[in-house]
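The values are calculated or read from the model by the stated rules, or taken from the named source; none is laboratory data. Note that the structure is predicted; figures quoted are calculated from it, not measured. Here the Cβ is made from the backbone with ideal geometry for all residues, glycine too, and neighbour counts use every protein chain on show. Note: accessible area is taken over every heavy atom of the protein model, side chains too, but ligands, DNA and RNA are not part of it. Shrake-Rupley method; radii C 1.70, N 1.55, O 1.52, S 1.80 Å.
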Amino acid sequence: MTATGRQCGDCTLCCKVMAIEELAKPANAWCAHCRPGRGCRIYPSRPAECRAFSCVWLLNELLEEHWKPSRSKLVLTTSDDGLEVRCDPGFPDAWRRQPFRNELREWAISGEPLDMTVVVIVGQRMTLLTPEREFDLGVVGLDERIVRELEGTRVVNVTVAKASDLAP
């Protein structure tokens, strides 16, 4: 149970959308130890990576019930730059449905002045949401970075670059 009092219950979506390095489990494939909708077969001895993970819905009591991943088909996680929205690959347009689309746009609006981003991840494809548009970034590799071009705090363009090509 989390500080919010929420529990995963029947939700196991993180066991599908998240990569688990220690288990060599890629993102967007069910973990071999998961019983979808029922839980983890190795829960007491699960890897540290799994122990440390909590989706934003579990941690933030301000998110309403419709954001529970088993309902929304979306797992919200945070990054150094902002919010990541990981879609169940079986429901790639889940983030475009209401009320999610409007709420994600509102978060993009409120995050922009704070240099916080909203990135939607569907399979290996990424889309950066801004108050004014969606930037389809395609597949962003582990060795690549999202580079935003700003006018003040407003994002006017987005590209993807090799990490090694960026100045330290």
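Observations on the structure shown:
- Accessible area in square angstrom per residue, the chain, 1.4 angstrom probe: 58 Å²
- For the peptides 30-41, 135-146, the ranking by packing is 30-41, 135-146, with the highest mean count of neighbouring Cβ atoms within 10 Å listed first.
- Under 14 Å, Cβ to Cβ, from D165 - net charge with Lys/Arg +1 and Asp/Glu -1: 0
- Ordering of 115-122, 91-98, 79-86 by burial proxy (mean other Cβ atoms within 10 Å per residue, highest first): 115-122, 79-86, 91-98
- Considering only alpha-carbon pairs that sit under 8 angstrom and 6 or more positions apart, the relative contact order computed for the stretch 56-165 is 16 percent.
- The accessible surface of the chain, taken with every protein chain in place and a 1.4 Å probe, is 52 percent carbon and sulfur.
- Working ranking of peptides 124-132, 18-26, 101-109 by packing, defined as the average number of other Cβ atoms within 10 Å per residue, highest first, is 124-132, 101-109, 18-26.
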